[in-house]
Amino acid sequence: MTHRRPKALLAMRQVYVPRLFPAAVRDRIERHADVDAAFAAESLDDPRAAALLPELEVLITGWGCPPLDDAFLRAAPRLRAVLHAAGSVKAHVTKAVWDRDIAVTSAAQANAVPVAEYTLGTILLAGKGAFRLRERYRADRTFTVAGVVPDSGNYGRRVGIVGASRVGRQVISHLSRHDFEIRLYDPYATAASVRRLGLEELLATSDIVSLHAPATPETHHLLDRDRLALLADGAVLINTAQGSLIDTEALIDELRTGRISAVIDVTTPEPLPAHSALFELPNVFLTPHIAGSQGNELARMGAAVADELERLVTGVPLLHRIRYQDLDTAA
């Protein structure tokens, strides 16, 4: 069955194009749209891009896409869909796009996959005591062979999930295959497969707390000094969501006591200043914002865009359409 191929354009930093759209994905996109999937406009004022705007129907966006403002929309009167090959669309899709009833989709579900995998891995390692025991082994250069390590192991350990986001739900699904006791805090969740607790109770009663809430005014410093103090002795705090969810200075003060430990992949600011104590504290496992799609994982997001493009041109409902009213509670 054949269908009309709409005029399309990629708008993102060119450096990402080969990884988002390797040959097989690029071929799929070019099969369903009239587009050069090897070229990306880094500026919509680029003469090559500007010449396409009057006939443009589909814009495929990614990291580095400029804001889609009123001026752009006037230049692209036939635009009917923005397909984003990354997570959040907040940086470039303006309200004017939704006001014109242009469909907006995102590959956030695809990007959630590696974040959930990273989170699962760190939860399993944290429950096993791997981070602190590595530090002890490195310092002592010896250990007792066949010795049993107390306060270690994942059997029956309680994991508190803050936020039933795309990532949070995937993490819960992964954890359900293991012998964990899972609890959830999310004031917006209407249905959940696990028991829900208030935030304070979840913090006070969890062995491991993993953050998956969006960055909103309501969640800024959600874990402030008082709430961090609720964490049980020996608890592990994991943040793969947003640095702004935690009061960083309060966290550092709590970590300096040695009472808790942390796995931190996102911070505010980012990157951290070189003198930050988070680089030096032995009870911190710090990574440089790597939980999301990296390397060959970018192709998963490109494939997700190709899937949505095929749905669009064949008249099948889009799977990952974003509604304007959901932006305030979306990651």
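The values are calculated or read from the model by the stated rules, or taken from the named source; none is laboratory data. Since we're looking at a predicted model, the values are computed, not measured. Cβ placement follows ideal geometry from the backbone for every residue including glycine, while neighbour counts extend to all protein chains displayed. Just the protein is used for accessible areas: all its heavy atoms, side chains included, with ligands, DNA and RNA removed. Shrake-Rupley method; radii C 1.70, N 1.55, O 1.52, S 1.80 Å.
Things to note:
- MRE, 222 nm, helices only [DSSP H, n ≥ 4, -39500 (n - 2.57), over the chain, to nearest 500]: -9000 deg cm²/dmol
- Rounded to the nearest 10 degrees, the angle from helix 166-175 to the longest Cα principal axis of the chain is 50 degrees.
- Two-site label geometry, Ile290 and Arg321: point separation in nm, points 7 Å out along Cα→Cβ: 3.9
- Coordinate range along principal axes, alpha carbons of region 1-126, Å, largest first: 54, 34, 30
- Taking all protein chains into account, the per residue accessible area for the chain stands at 49 Å² (1.4 Å probe).
- Tensor-based shape of region 147-291 (alpha-carbon gyration tensor, a/c under 1.5 rounded, otherwise prolate or oblate): oblate
- Taking all protein chains together and a 1.4 Å probe, the residues Ser276, Ser193, Ser88 rank Ser193, Ser88, Ser276 from largest to smallest accessible area.
- Between region 85-133 and region 20-80, the C-alpha centres lie 23 angstrom from each other.
- Derived from the Cα gyration tensor, the three semi-axes of the equivalent ellipsoid of the chain are 42, 20, 19 Å, largest first.
- Nearby aspartates and glutamates by direct alpha-carbon distance to Lys90 (threshold 16 angstrom, same-chain neighbours under 8 apart not counted): Asp69, Asp70, Asp99, Asp326, Asp328
- Total charge dipole magnitude, the chain, about the Cα centre, Cβ charges on Lys, Arg, Asp, Glu only, Debye to nearest 20: 860
- Percent accessible area from carbon and sulfur atoms, the chain, protein chains only, probe 1.4 Å: 52
- Inter-centroid distance (Cα atoms) of region 206-231 relative to region 241-277, Å: 12
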